[in-house]
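Since every read-out is calculated from the coordinates, none of them should be taken as a lab result. In this text the structure is predicted, and so the values were computed from the model without any measurement. Cβ sites come from the backbone with ideal geometry, for glycine too, and all protein chains shown count toward neighbours.
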Amino acid sequence: MQRFVDTVLAVTKESVKTVTYESLNNTVRLINGVSAILLTILPGKANVLEGLHGWELRPTFRGPRLPRWMENGVSSFNKFIHELPMDSDSSSADYSSAEEDGDGICPSTPSSQGSRISRSSSFSKNYRHSTGWTILLFSWILFPLKFLLGIPTRLCRLFYIRVSTSPSSRGTHQNSSSHSIKKMHTLRDHVIHRTTDRRRGVIEDLHLAIEVLIEVVFDFFHKAAHFLLSPSEVLKAICRWFSPQTSGNEVINVGVSDTSVPAATVGEDDPAPTEMKTTFHQSLNTDARTCQDVITELGYPYEAIHVITSDGYVLLLERIPRRDSRKAVYLQHGILDSSMGWVSNGIVGSPAFAAYDQGYDVFLGNFRGLVSREHIDKKIPSRKYWQYSINEHGTEDIPAMIEKIHQVKTAELKISQPNLEEETNDDQPYKLCAISHSLGGAAMLMYVIIRRIEEKPHRLSRLILLSPAGFHHDSTLVFTVFEYMFLPLAPILARFVPAFYIPTRFFRMLLNKLARDFHNYPAVGGLVQTLMSYVVGGDSSNWVGVLGLPHYNMNDMPGVSFYVAHHLAQMKRSKKFRMYDYGSASANMDVYGSPEPLDLGECYGFIDIPVDLVAGRKDNVIRPSMVRKHYRLMKEAGVEVSYIEFEYAHLDFTFSHHEDLLAYVMSRLLLVKPARKQLLNKKSLWSKREGQTKC
């Protein structure tokens, strides 16, 4: 009778799995097909999608097929779990959502390469794969409930204990020593890292979550039938429950074996609690690689320098060090970006690696504005942290990082080349160039002008500005509508919206996973790409691909301060590149000494170094006409400036591999002449009497 019941349950279970699997697949195909139909009728899609090289926008309809756990004639969920990490058609060693287009950004991280563990490990393969994947999916299911409903993580721990006491792993637990346990935890972490690097999306997680749920349900019915057909087992279980010999730290797997497995508790010597906690946090994220991971994986040296600004913000200045080099380059990202943009194209296509290979000491700056809110005040309120505009980027962030670069380089060169300062007859025995993109370009111009006004050295030898912000009045209808809606509502919105970012870890994780799904289902991804490009005025950058980059992860991601957005809207309305308007003559007088904010475009005469301006003909975020306005004003002010255009969209300057751009940037860096003493231009000096209102 027991065998008959087991057979009926097994057949029913596999039938339910097949139906649910194919139902989900057909639903996804339907969504993909509807997206393809919508994509054909949307206007302007050709221009929008031309930046997505290799994307196939036709729906991928397929006939029904057997689920993976039945392809080899094996009807076993454990077989499915075991083979899932080896599924080659969905594996991904790259973090970009466009890595399969032949334009991969970076190979796998050290963790992913190190996780290629030998099949002859000291513990069961079934335990490694089934336990790791079951924990991964169960924690993914409970994660939104934990954050939205307050369900404690104890449920996850109980489920982990339940899995670890399954028949496939019980023998390993009983017979392993403490050394073996530590080895198991280490190897299990490698497996979790490996699954994390595989970048599975929401649909793939949903597939596996359904499998887990079906297994749990049928396991319950199987045990219930077993109890009904074997009353003696029920009596034994009841006796064990009420037995005084059973401690509170033991979990009994009822109906399977009389053996109890001790569950780790906080405070014991066993490192399992810490390891398990780490595993849960890592397994929930799809890809949390950092700039350090990318640099070190590709074989380059790395150094992290923490910089504290005068107003208490903690910034991360990353470095690919050449300590004895007398030439350095500082790269500064734009809005909603990080240092990851400068290394995201790997060795061949990234400006940071190209500069290092040319002998430069490379520094990668990061602006304030992360969800993690790095500040010397660990309990700083969200509203206070986000209370900054572009002013602070140019007058606080960049000065702090460049001064740190100066301290580090000067100290290192004095050690390696003690007579260098006497030979150069200068207090700066190195040359420092800056490459900036978008908002970083506007902040860099602000930095140079303010430092010259304050008669402080800016320590730069050349500026290379890629599609710099500053002037925005020639823009698309979308940005114009935003300007007219945002500025009147700004005083009200400022009270409720300190910044624009994704507030919870769950939704940040969801965004990263969805980016993977957008690539797996090209019609859906193409539709999202089209809609996103409409939001940014039709710019054909690979917006969907950028969403899949690891600096948009569950733990942290860049945000936009409300006042930065307000500052950009002010510049668009005024048609001037100027500092932040505090809203009243008295407030501006306290900050600038005049009732109007400082017009930076009128102060270009202070720029005493060569400037190279680069624009993109397909850039609809910062149009070439706006970059040409920078060029015209600099020419009129006597600045040594050059201008060039490429067939690029806005994000192509950092997130796409273009050899012509890299060749141009490197050629401009090589034009830097020996550093000379910075002298103020007399005709553009800041007058104490007239300089309060105009340069």
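Worth pointing out:
- For the stretch 599-678, the list of GluC sites (Glu not before Pro) that fall in a loop by DSSP and count at most 11 other C-beta atoms within 10 angstrom reads 647.
- For the residue pairs 431/572; 404/431; 327/414; 378/456; 379/572, alpha carbon separations beyond 23 Å are given by 431/572; 378/456; 379/572.
- Put a dot 7 Å past the Cα of residue 372, heading toward its Cβ, do the same for residue 635, and the two dots end up 4.5 nm apart.
- Each peptide in 585-595, 456-466 receives the mean, over its residues, of other Cβ atoms within 10 Å, and ordering these scores from highest gives 456-466, 585-595.
- Volume per residue of the C-alpha convex hull in the stretch 507-549, rounded to whole Å³: 64
- Annotation: the residues 479, 367, sorted from fewest to most other C-beta atoms within 10 Å of their own C-beta, follow the order 479, 367.
- For the stretch 335-435: span of alpha carbons on each principal axis (Å, largest first): 50, 33, 22
- R0 of 60 Å, Cβ-Cβ distance residue 487-residue 237: FRET efficiency to nearest 0.05: 0.30
- Modelled spin labels at residue 657 and residue 41, positioned 7 Å past Cα toward Cβ, are 3.9 nm from each other.
- Ordering 562, 242 by the number of other Cβ atoms within 10 Å of each residue's own Cβ, fewest first, gives 242, 562.
- Neighbours of residue 464, meaning other residues whose beta-carbon lies under 11 angstrom from its beta-carbon, give a summed charge of +1 when Lys and Arg score +1 and Asp and Glu score -1.
- Zero-based 5 Å bins, Cα pair distances in the stretch 375-526, whole percents: 2, 7, 10, 12, 13, 15, 14, 10, 7, 5, 4, 2, 0
- Averaging the Cα positions of each part gives two centres, and for the stretch 353-374 and the stretch 516-566 these lie 22 Å apart.
- Oblate is the label for the stretch 566-643. Its Cα gyration tensor axes, ordered a ≥ b ≥ c, give a/c of at least 1.5 and b/c at or above a/b.
- Positive minus negative residues near residue 361 (Lys, Arg vs Asp, Glu; Cβ under 11 Å): +4
- Charge tally for residue 488 (other residues, Cβ to Cβ under 15 Å; Lys, Arg +1; Asp, Glu -1): +1.
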